[in-house]
Amino acid sequence: MAEPLRKLFDLTNRSVYVAGHRGMVGAAICRALADRGIRPLVATRAEVDLERQDATEAFFRRRRPQVVILAAAHVGGIKANNDFPRDFLYKNLMIAANVIEAAQRNGVLKLAFLGSSCIYPKFAKQPITEDELLTGALEPTNEWYAIAKITGIKLVQAYRRQYDADMIALMPSNLYGPGDNYHPEHSHVVAGLIRRFHEAKLSGAPSVTIWGTGTPRREFLYVDDCAEGVLHALEHYTGESHLNLGTGTDVTIADLARLIRTITEYEGELEFDHARPDGTPRKLLDVSRMRDLGWKATTTLEAGLAKAYADFLKGGGRNR
Ligand code: GFB
């Protein structure tokens, strides 16, 4: 049997600040920390507005976290990205710059910055290795968000080079799961379709509309798998390159829609609205670096979607 990988960094007995603990990802990271007996340091937006430099620095001076997991971000699906370019660029840039600078000034021992697979060029080689970054033009619907997240990766690299700071950057594929945003227009595809299929079932609507052609392929990572990956990377990795977090498999949006139709027990038809954008044709991540570090996602798409729908039925998530 292979030797278990040696930990480079021990989270035990550390004060771990999870920025963005009310979001889907931050909440999952708090659950993963709780499983290891770690009670994270968290703060509401009223306590610290991470878009403001002075507030962020005052918070770090006061609370002195030793580890920072930067899961705070302004996020949304393809339509929200397209409709609110300033919000996606400005807010995410400010959050990244303020938190990373405050961490450096206040002696943080280790920081993980979270981004997204949309940082890669629209026509990146598939599956996408970490080296594809900045090799081509971005997908226009999400370039604002992507530029902010690429800047976060570059900040991490710059602080590593200039200060020898132990900071890493992690790029998950499309995330879904408990605590998602169910806004009818601004959500990501999984949450948007769970809601639409559920409502169509209740109202007896004959069909459900899926945006775009249904042909784009996406890789969906269950949020609790992502959280485990983040903690695993904190413990086992340090290095300049960001790391991909994904499952290594993808599905078409049409197949995803059929799966959600089955899970929600909706019996009507699917219709595709070609007037809506498809976005990137494909963004399947090469996950071999994380696999070599001893991590892999364990939740199948079917099981993850069933858990996400159960959470929706319980009233979980935002914008219900
Ligand atoms: O989830 P989504 O908005 O993320 O859309 P992206 C994925 C695909 O699903 C697109 C289609 O081809 C959409 O056209 N789709 C079909 C839908 N029906 C729906 C629906 O009801 N709602 C939504 N939202 N999509 C985002 C980026 O891109 O991915 C973000 O804009 C971020 O910046 C995120 O990176 C992970 O994969 O297209």
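Of the residues L284, L109, L93, ranked by 1.4 Å probe accessible area with the largest first, the sequence reads L109, L93, L284.
What angle do you read, to the nearest 10 degrees and between 0 and 90, between the alpha-carbon axis of helix 24-35 and the longest principal axis of the chain? Approximately 60 degrees, to the nearest ten. Between A137 and D54, what FRET efficiency comes out of the Förster formula 1/(1 + (r/R0)^6) with R0 = 25 Å and r the beta carbon distance, rounded to 0.05? It comes out at approximately 0.10. Averaging Cα coordinates gives a centre for segment 179-207 and one for segment 32-72; these two points are 32 Å apart. With all protein chains kept in place, the per residue accessible area of segment 141-261 amounts to 32 square angstrom at a probe of 1.4 angstrom. In this structure the amide hydrogen of K283, modeled in the peptide plane, comes within under 5 Å of the amide hydrogens of R217, E219, none closer than 5 places in sequence on its chain. Helix 301-313 versus the longest principal axis of the chain: what angle, 0 to 90°, nearest 10, using Cα atoms? Helix 301-313 and the main axis of the chain meet at about 90 degrees.
Normalised by the number of residues in segment 95-225, the mean separation of alpha-carbon contacts (under 8 Å, six or more apart) gives a relative contact order of 25 percent. Computed from Cα atoms, the angle from the helix 253-264 axis to the main principal axis of the chain rounds to 80 degrees. Ligands, DNA and RNA excluded, the heavy atoms of W144 present near 90 Å² of accessible surface to a 1.4 Å solvent probe. When all protein chains stay in place and ligands, DNA and RNA are ignored, the 1.4 Å accessible-area order of D166, D180, largest first, is D166, D180. Of the beta bridges DSSP finds with both residues in the chain, what % are antiparallel, to the nearest 5? In the chain, DSSP labels about 5 percent of beta bridges as antiparallel. Does segment 1-62 come out rounded, prolate or oblate, given a ≥ b ≥ c as the square roots of the eigenvalues of its C-alpha gyration tensor, rounded meaning a/c under 1.5 and, failing that, prolate meaning a/b above b/c? Prolate, because a/c is 1.5 or more and a/b exceeds b/c. How high is the relative contact order of the chain, given as a whole-number percent (alpha carbon pairs under 8 Å, six or more residues apart)? Relative contact order for the chain comes out at 21 percent. Accessible surface comparison of D49, D250, probe 1.4 Å, protein chains only, largest first: the order is D49, D250. Of the Cα atoms belonging to the chain, the radius of gyration and Dmax stand at 19.2, 60 Å.
For segment 217-243, list residues with backbone N below 11 Å from a point placed 7 Å from the Cα of F272 toward its Cβ? It comes to 217, nothing else.
Straight-line cross-link partners of K122 among the lysines, defined as a Cα under 24 Å from its Cα and at least 8 positions apart when in the same chain: K79, K91, K149, K154, K283.
Dividing the mean sequence gap of close Cα pairs (under 8 Å, 6+ apart) by how many residues segment 213-281 holds gives a relative contact order of 56 percent. What is the percent carbon and sulfur in the accessible area of the chain, measuring with a 1.4 Å probe over the protein chains and ignoring ligands? Taking all protein chains in place, the chain shows 50 percent carbon and sulfur surface. Once all protein chains are placed together, V25 keeps about 30 Å² accessible to a 1.4 angstrom probe. The charge dipole of the chain, taken about its Cα centre with unit charges on the Cβ of Lys, Arg, Asp and Glu (plus for the first two, minus for the last two), comes to roughly 800 debye. Annotation: aspartates and glutamates with alpha-carbon distance below 12 angstrom to K125 (same-chain offsets under eight excluded): D286.
The values are calculated or read from the model by the stated rules, or taken from the named source; none is laboratory data. Bear in mind that the values here come from a model prediction, so they are computed numbers and not experimental data. As a convention, Cβ positions derive from the backbone with ideal geometry for all residues, glycine included, and neighbour counts pool all protein chains shown. Calculation scope for accessible area: heavy atoms of the full protein, side chains included, ligands and nucleic acids excluded. Shrake-Rupley method; radii C 1.70, N 1.55, O 1.52, S 1.80 Å.
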